[in-house]
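Written below as structure tokens is the structure these notes are about.
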Number of protein chains: 4
Amino acid sequence: MNTVLLTGFEPFGGERVNPSWEVVKQFHERRIDDATVIACRLPCVYGRSVQVLNGLIDRHRPALVLAVGQAGGRAGLSVERVSINIDDARIADNLGQQPIDVPIVADGPAAYFATVPVKAMVQAMRDAGIPAEVSQSAGTYVCNHVMYGLLHCLAQLGYGARGGFIHTPYLPQQAAALPNAPSMAADTIAAGLDIAIRTALQTEHDLNISGGALS
Amino acid sequence: MNTVLLTGFEPFGGERVNPSWEVVKQFHERRIDDATVIACRLPCVYGRSVQVLNGLIDRHRPALVLAVGQAGGRAGLSVERVSINIDDARIADNLGQQPIDVPIVADGPAAYFATVPVKAMVQAMRDAGIPAEVSQSAGTYVCNHVMYGLLHCLAQLGYGARGGFIHTPYLPQQAAALPNAPSMAADTIAAGLDIAIRTALQTEHDLNISGGALS
Amino acid sequence: MNTVLLTGFEPFGGERVNPSWEVVKQFHERRIDDATVIACRLPCVYGRSVQVLNGLIDRHRPALVLAVGQAGGRAGLSVERVSINIDDARIADNLGQQPIDVPIVADGPAAYFATVPVKAMVQAMRDAGIPAEVSQSAGTYVCNHVMYGLLHCLAQLGYGARGGFIHTPYLPQQAAALPNAPSMAADTIAAGLDIAIRTALQTEHDLNISGGALS
Amino acid sequence: MNTVLLTGFEPFGGERVNPSWEVVKQFHERRIDDATVIACRLPCVYGRSVQVLNGLIDRHRPALVLAVGQAGGRAGLSVERVSINIDDARIADNLGQQPIDVPIVADGPAAYFATVPVKAMVQAMRDAGIPAEVSQSAGTYVCNHVMYGLLHCLAQLGYGARGGFIHTPYLPQQAAALPNAPSMAADTIAAGLDIAIRTALQTEHDLNISGGALS
């Protein structure tokens, strides 16, 4: 029996909910294909978030790790292509830390590419009528930090697990308090994550279709 | 027993669905407060759409008429404040007509303001966690045409019915085929319309809160 | 000798400059075709702005009146199609007034359409490489207030003068203090206004081209 | 005497000009501080663009290399933080090539960070009233390709030259043909590049200020 480790984040930036955890928690112990999902909530804290994640990977040895986070302002689910080795916090994290231009791993590579099949996951979600896109940047906040930490951990362990990161729009209840912010219903996000996980489990080689950006 | 006339549109512009009708049709014969909803689909056709609407108003003498249409690219439900006496079609309608700068009613007033309580409807939707906003323009396509035709008809009949127009975002399945387009789940749109109708039925005097735009 | 009355606004909303006045003031006493421009600055104040404008029209009896204002966030020069008979202030004006849903003219028409050739002005600017568009809403702040007041005044006077309103983007120096705000250089705005004035003076019948919005 | 190598691109994607080259060519042989600028135009072609660039670096041994490219849709000058080791072309380049998910350098690092002082350059431009921002992604088209190739080349040569990449908005004449596209006048871009080059030459250690993105 394979394990899928699925993580969401606690709220940050003054929000009372984080769509990632609101949806991810519904997946705990769900069976997808021949795998079982373990859902965990990460703190929105530089350093601590990756320590928690590494501990979970150590304990569960998942075949697939998908971290999910909130990207307020985006309109679709975005599957991140790459994480970069830098922390640059526009706002303080939940412990008040605000690192600026600090490497995540002192001698780590400049970036890690996701090892999940990004294009196939985006295409499968779109085919199912769920807005999705490839993203070329996971930012420089705790989401990018966790994605980099995750891929670094899996690269170090070397047992062949795949890792990736998906950003979600705001929930409607969050957008209702903001002017003109796009949002996505929790049910739509959940349907998208289910497809993304399923696709990641079933797809060995990613699709050869463009998902690039001109700039 | 009061009647609420609720209209949606058929698809246009190459789309296969129109979120307005997908949601509005669910309301047919629904009881809201002491009123019953009659849901009808309007053609996306200049002229004909208003003729159909006028026929429905004649037959049902509704206390409230709410027309609903698709506003691709908007992120929330928008309650229109005003309709203007002009047709200016960026694309042809479903009969191939493309009027440019033609008045809707030859000697009609330059504009009609909605007679539903726009601010109260927006506020009630937001309070329920549904993204909503006041809109200062219904455009110059068939939606504005129907809103103007509706308010002109009610003004002519003079029996005290209220009229308004709500624009909806794309459905997720429509946005999935477009780059970065915001969308709203049918369930969220439906919840919003229910609240909007209920608020319109219950609110005599609109709220004295700002819903304006700087430009 | 014809007179063109060109107005800009004083700064508002915490800004230190208003692009409309920064550019408009350069036009004072400029000769365009067979007309001479008189440039004046209006206060960003409900009521007072229109009183000043009416006084200027009385004194100068211009053949053309073009009011110009700032529309922060827009990317091109926008020629307004219509003004509506409502004040709804999202922020206080420069005297601290913040009217909500108050008619501009108690028994005035619901709206006035611009009497300048909107489409021709937009097309001429675009042909000259200046980003421009038809706008379907001048908002509900002092800009719409002045546009409505202007067109009401000209309609009352009835001597055949034409009136219109153009919104400008931020200047680069304003956008430099904001995240991702579009802007336009003062030289570009000035080139656009020159063309717009020239086109308004030379064009009797507007172009029959679409400048509408779907929503 | 130091040399600054400044590159722009030829037009691509159906455009007739590329703002990067329109502005960069004005800098040829200009003296900035104690350095002289050499301005060159690169083809918008995967592979060939980097070969040309490498040849220029070999010949001129510049102390600073700044590549400039067009980012249609952005509102300000964006100084790129990082380039990633992937080509993923949404449209064909000027030779018809459209690589998908191909590494730029087969065994190269996953990414290179700019070695110019990104934050200081952005801040100096903003202080001078020019819209500018730090960008977390240079895309996956020929711009990112050249930025990666540039930083790889300088890293291999190891003589201490610094390299960076700046994206420019459309010129007004390009945006005039598009709906609602932001643009920047050539003079504003030129003023920004002058400041950016000057700042890069004068700043050893970058500013410790946030320029990050939440997502």
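Close contacts from the stretch B:131-147, counting a first residue that is on the phi > 0 side of the Ramachandran plot and a second that is of a type in the set (S, T, N, Q), with Cβ to Cβ under 9 Å and a gap of 6+ residues or different chains, come to B:Gly139/C:Gln136; B:Gly139/C:Ser215.
Going by the structure shown, is D:Gly158 within 13 Å of the chain's Cα centre (by Cα) and on the phi > 0 side of the Ramachandran plot? Taking the combined requirement at face value, the residue does not satisfy it.
Identify all residues within the stretch A:179-210 that are facing another protein chain (nearest Cβ under 8 Å) and within 24 Å of B:Pro169 (Cβ to Cβ); write none if there are none. Listed by number, the residues that qualify are A:Pro179, A:Asn180, A:Ala181, A:Pro182, A:Ser183, A:Met184, A:Ala185, A:Asp187, A:Thr188.
For the stretch C:23-43, the count of residues that are among the aromatic types (Phe, Trp, Tyr) and within 30 Å of D:Leu178 (Cα to Cα) is at least one. Among what's in the stretch D:116-132 and is more than 7 Å from every other protein chain (Cβ to nearest Cβ) and among the charged types (D, E, K, R), pick the residue that is nearest to the chain's Cα centre (by Cα). So, considering only residues that are more than 7 Å from every other protein chain (Cβ to nearest Cβ) and among the charged types (D, E, K, R), the one nearest to the chain's Cα centre (by Cα) is D:Lys119. Screening the stretch A:115-182 for helices (runs of 4 or more DSSP H) wholly inside it with 3 or more residues that are surrounded by fewer than 24 Cβ atoms within 10 Å (Cβ to Cβ) returns the ranges A:118-127, A:142-157. The numbered conditions (1) within 14 Å of the chain's Cα centre (by Cα); (2) buried (at least 20 other Cβ atoms within 10 Å of the Cβ); (3) away from chain D (no Cβ under 12 Å) are all true for A:Ala39 except (2). Taking (1) over 12 Å from the mean Cα position of the chain (by Cα); (2) within 10 Å of another protein chain (Cβ to nearest Cβ) in turn, D:Leu95 satisfies each apart from (2). Looking across the stretch B:183-213, the residues that are charged (D, E, K, R) and outside any loop (DSSP other than H, G, I, E, B) come down to B:Asp187, B:Asp194, B:Arg198. One residue stands out among those in the stretch C:60-91 that are farther than 20 Å from B:Ser135 by Cα and more than 11 Å from the chain's Cα centre (by Cα): the one that is surrounded by the most Cβ atoms within 10 Å (Cβ to Cβ), which is C:Gly76.
Close Cβ contacts (under 6 Å, 6 or more residues apart or on different chains) running from residues in the stretch A:35-53 that are free of Cβ contacts under 8 Å to residues at least 60 places away in the same chain to residues that are of a type in the set (Gly, Ala, Ser) and crowded, with 19+ Cβ neighbours inside 10 Å comprise A:Arg41/A:Gly8; A:Pro43/A:Ser49. For the condition surrounded by 22 or more Cβ atoms within 10 Å (Cβ to Cβ), of a type in the set (A, V, I, L, M, F, W, C) and either within 12 Å of another protein chain (Cβ to nearest Cβ) or without any contact (Cβ under 8 Å) to a residue 24 or more places away in the chain (or both), A:Leu5 does not qualify. Taking the residues in the stretch D:134-150 that are out of contact with any helix residue (DSSP H, G or I) (no Cβ under 6 Å at 6 or more places or on another chain) and within 30 Å of C:Glu15 (Cβ to Cβ) as candidates, determine which candidate is farthest from the other protein chains (Cβ to nearest Cβ). Only one residue tops the list, namely D:Ser135. Apart from one condition, B:Cys153 fits all of (1) without any contact (Cβ under 8 Å) to a residue 40 or more places away in the chain; (2) more than 14 Å from chain A (Cβ to nearest Cβ); the exception is (1). Of all residues in the stretch A:82-104, exactly one satisfies the criterion of being touching a residue at least 60 places away in the same chain (Cβ under 8 Å), part of a strand (DSSP E or B) and not β-branched (Val, Ile, Thr), namely A:Ser83.
Within the stretch D:105-114, take every residue that is in contact with a strand residue (DSSP E or B) (Cβ under 6 Å, 6 or more places away or on another chain) and not in a strand (DSSP E or B) and give me the one that is farthest from the other protein chains (Cβ to nearest Cβ). The residue in question is D:Ala114. Looking only at the stretch C:7-36, residues that are over 17 Å from C:His152 (Cα atoms) and under 15 Å from the mean Cα position of the chain (by Cα) come to 13 in all.
When the stretch B:142-182 is filtered for residues that are in contact with a strand residue (DSSP E or B) (Cβ under 8 Å, 6 or more places away or on another chain) and of a type in the set (Ser, Thr, Tyr), the ones remaining, listed by number, are B:Tyr148, B:Thr168, B:Tyr170.
Residue-by-condition table, conditions (1) in contact with a Pro (Cβ under 7 Å, 6 or more places away or on another chain); (2) part of a helix (DSSP H, G or I):
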site	(1), (2)
C:Thr3	yes, no
C:Gly8	no, no
C:Phe12	no, no
C:Arg16	no, no
C:Ser20	no, yes
C:Thr36	no, no
C:Arg59	no, yes
C:Pro62	no, no
C:Leu66	no, no
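So which residues in the stretch A:68-81 are within 12 Å of chain D (Cβ to nearest Cβ), not aliphatic (A, V, I, L, M) and not in a strand (DSSP E or B)? Matches in the stretch A:68-81: A:Gly72, A:Gly73, A:Arg74, A:Arg81.
Computed from the coordinates by the stated procedures, all read-outs in this text should not be read as laboratory data. The model shown is predicted, which means the values in this text are computed figures rather than measured ones. Note that we place each Cβ from the backbone using ideal geometry, even for glycine, and neighbour counts take in every protein chain shown.
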